[in-house]
1. Going 7 Å from Cα along the Cα-Cβ axis for the label, what nanometre distances separate residue B:19 from the same residue across the other copies?
2. What are the ³J(HN,Hα) couplings of the range A:145-157, residue after residue, when phi is run through the Karplus curve with 6.51, -1.76, 1.60 and θ = phi - 60°? Round to Hz, x for glycine and proline.
3. Give, as a single signed number, the net charge of other residues whose beta carbon lies under 14 Å from the beta carbon of residue B:156, with Lys and Arg counted +1 and Asp and Glu -1.
4. Report ³J(HN,Hα) in whole Hz for each residue of the range A:211-221, in order, from the Karplus equation J = 6.51 cos²θ - 1.76 cosθ + 1.60 where θ = phi - 60°; Gly and Pro get x.
5. Give me the Kirkwood hydrodynamic radius of chain B in Å, from all C-alpha pairs, to one decimal place?
6. Rounded, prolate or oblate, given the Cα gyration tensor of the protein assembly as shown, with a/c below 1.5 counting as rounded?
7. Give the long-range amide H neighbours of residue A:178: residues separated by 5 or more places, or on another chain, with amide H under 5 Å away, using H modelled in the peptide plane at 1.01 Å from N.
8. Taking the rotation axis that maps chain B onto chain A, which residue of B brings its Cβ closest to that axis, and at what distance in whole Å?
Protein chains: 2
Amino acid sequence: MTLKTLSAKSATALDKELMSSGGFSIDQLMELAGCALCFPGWYMTLFTDMTLSPATAADASTNQVYKLHPPSQGREILIACGPGNNGGDGLVAARHLYHYSYRPTIYYPKQSSNELYQRLATQLRTLGVPFTDDFPNALKHTHHVVDAIFGFSFSGEVREPFPAVIRALAETRVPVTSVDVPSSWDVETGPPAEGPGKGFFPHALVSLTAPKPLARFFAGRHFVGGRFVAPYICEKYGLELPEYEGVDQIVEVDAKTGQKL
Amino acid sequence: MTLKTLSAKSATALDKELMSSGGFSIDQLMELAGCALCFPGWYMTLFTDMTLSPATAADASTNQVYKLHPPSQGREILIACGPGNNGGDGLVAARHLYHYSYRPTIYYPKQSSNELYQRLATQLRTLGVPFTDDFPNALKHTHHVVDAIFGFSFSGEVREPFPAVIRALAETRVPVTSVDVPSSWDVETGPPAEGPGKGFFPHALVSLTAPKPLARFFAGRHFVGGRFVAPYICEKYGLELPEYEGVDQIVEVDAKTGQKL
């Protein structure tokens, strides 16, 4: 059994379909994506840390999906946002993390004039969430990094100021969770053989809607998020989505087969 | 200690503030509200029913907030939607409930030409969620009703076709959860002394952002939802919001004092 994936072309068409026949706005989709991003590791661990008895927490700990980064491992989360939709997902995730008692810091060097992204950044500023220009220094003081720099439409060269950032992500020992695509990876062929992303293998990957072909080259912890895709869209695009549990917005899958763990 | 509430005038101003200085769009706010609505009772019970061991479920059962309506009590949920924002919140909630394995049915007799509400209805149609015109019949076949007819801006007369609907809600033995305001209640003075809403006391109330003055007249199970209000807004409007736990979008409060249970 091999991992079933969605090409960049199909992923673009699917997003368009969600916003035409599906009736979704970009605001809604980004909110749902950012919400999903906060679930791997942050969700049940927070819950068990704070509200359940030790016996219950021990039981929940058998559910590996929730052990990626409990707050007891540190609340500082550095979120690196690129100029497009991937960065927007990161901004939404940062807001949820703030409300879940984490302390997010945003690195967002290429702020778009896009109205939605500007509003997402405003939402964070009203919460007092800090924005930093100094990525290397922020990396020294964080417990986890969210890589929301480039998504499935990335191709070609990594532009300034991101080469140094991606090189730092490849070298750091701080765990990194990538949003949909490890930044600088080719959506079809995966990890680059040279350039700043050479050797960049994030700790975890959250595929949005469905895994992209690059996921075949990813051996870390793999989650699928986006619990809003209608059955008719799954059918049209040949998606085989894993079954979500309870009110989870995310499910951990086997990196090789894409089957639910 | 008495319940601290937000007047209709302040609630309107607060919503406007969220969309100006706060940077939120109506799409986002409605998504967050609808998400919060699905949490009381549906959230952890679903989770315990489906994924935890019996011992863990027993432990979680001590957490009363999650016992409002577990799926084991029946998956049919009838959602009565009014023509405005309250109805929009109900449409979003219905979509989440569908994805959480409930079977929602929508009663939405006054469908607005508003573009957002139309898209929310489209999202449900693409999922195959049924819309009904026959409220009395649907009420006979449901396990729970969500009352998303009128919100805090309601005043005056209940217009057609809602008088019979609200009368049915007052008479039914099926549990009803009201969104923000029990429909037909006055936002300041609470339950009407006459008219179709006379004697209408829903089983549960989910106050969005903060309880409205009418909540002082409500003796059922009371939840507060909307985990996205920035501290500067709480301060400006004198809100004392209860502390949310884990990644909950909702918290149960004492009906009299507004304090977290």
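The values are calculated or read from the model by the stated rules, or taken from the named source; none is laboratory data. Nothing here was measured: the structure is a model prediction, and the numbers come from that model. Positions of Cβ are backbone-derived with ideal geometry, glycine not excepted, and every protein chain shown enters the neighbour counts. Remember, those area values only see protein heavy atoms, side chains included, never the ligands or the DNA or RNA. Shrake-Rupley method; radii C 1.70, N 1.55, O 1.52, S 1.80 Å.
1. When each copy's label point is compared with this one, the spacings are 2.1 nm.
2. 10, 9, 8, 10, 7, 10, x, 6, 8, 5, 7, x, 8
3. Working: positive: B:159; negative: B:157, B:160, B:186, B:188, B:194.
That sum, taken over residues with Cβ under 14 Å, equals -4.
4. Those phi angles translate into x, 8, x, 4, 4, 5, 9, 9, 10, x, 7 Hz.
5. 18.4
6. prolate
7. Under 5 Å from the amide H of residue A:178: A:147, A:204, A:205, A:206.
8. B:27, 2
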